[in-house]
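First the structure, in the form of structure tokens, and then the observations on it.
Every number in this text was worked out from the coordinates using simple rules, so none of it is lab data. Computed from a prediction, not measured in an experiment: that's the story for all the values here. Cβ placement follows ideal geometry from the backbone for every residue including glycine, while neighbour counts extend to all protein chains displayed.
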Amino acid sequence: MSAAELPVTFRPHRTRVVLVGAGLVIFATLTAIGLTLSLNVGERISFIVVGLLFLGGLLLLGRPKVVADDDGVTVTNLTHRRHLAWAEILRVNLGPGDPWVSLDLADGTSLPVMGIQPGIARQQAERDARALAGMAAERGTAASGA
């Protein structure tokens, strides 16, 4: 990929659609149940709050993404976001059975990258991992492991 194609965002789109759809269905169902049953106000509110909690949890699971730009890679997982310079990424890994990509870093650690996960769309995840590895090799010190 050339620098003109940056920034690039990698995200498990199908997984996100399923999670958001399921969250909305659960929220709507619990809200409908809470509003149609003969309950007091507190119980009705409880049904709606539980629906919102389910929706929030599923939206959180759909949050992961990876943004590659000229400065490096920003990895957003469930609750944390981390920016890495291209030179910090030594290797991009996605092996058989791995739930998501991991990055081997120059400081000797590895970082899970939940924004590229093969759950529903393995081939897309493999293409994304190869693309990220190619960008890292072109811009940093990476060797492709995807």
Which of Phe54, Pro99, Val113, positive extreme of dipole for region 54-120 (C-beta unit charges): Phe54
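Which three semi-axes in whole Å describe the equivalent ellipsoid of the chain, each the square root of 5 times a Cα gyration tensor eigenvalue, listed largest first?
Numbers: eigenvalues 306, 38, 31 Å².
The equivalent ellipsoid of the chain has semi-axes of 39, 14, 12 Å.
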Taking the convex hull of Cα positions in region 13-61, its mean projected area over all directions (nm²): 2.8
If one builds a Gaussian network model of the chain from Cα atoms under 10 Å apart, the most fluctuating residue listed among Leu132, Leu35, Leu105 is Leu35
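Below 8 Å, C-alpha to C-alpha, sequence gap of six or more: please give me the relative contact order for region 13-61 in percent. Walk me through the numbers before you get to the answer.
On the way: 42 pairs, mean separation 25.3, N = 49.
Rounded, it is 52 percent for region 13-61.
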Out of Pro64, Pro12, Pro99, any idea which swings most in a Gaussian network model of the chain, alpha carbons joined below 10 Å? Pro99
FRET efficiency, 1/(1 + (r/R0)^6) with R0 41 Å, evaluated for Arg81 and Glu43 via beta carbons: 0.60
Given the options Gly95, Gly51, Gly42, which has the most mean-square fluctuation in a GNM of the chain, springs set between C-alpha atoms less than 10 angstrom apart? Gly42
Taking the Cα atoms only, what angle lies between the long axis of helix 13-36 and the longest principal axis of the chain, rounded to 10 degrees? 10
Round to the nearest 10 and give me the degree value, 0 to 90, for the angle of helix 122-139's Cα axis relative to the longest principal axis of the chain. 40
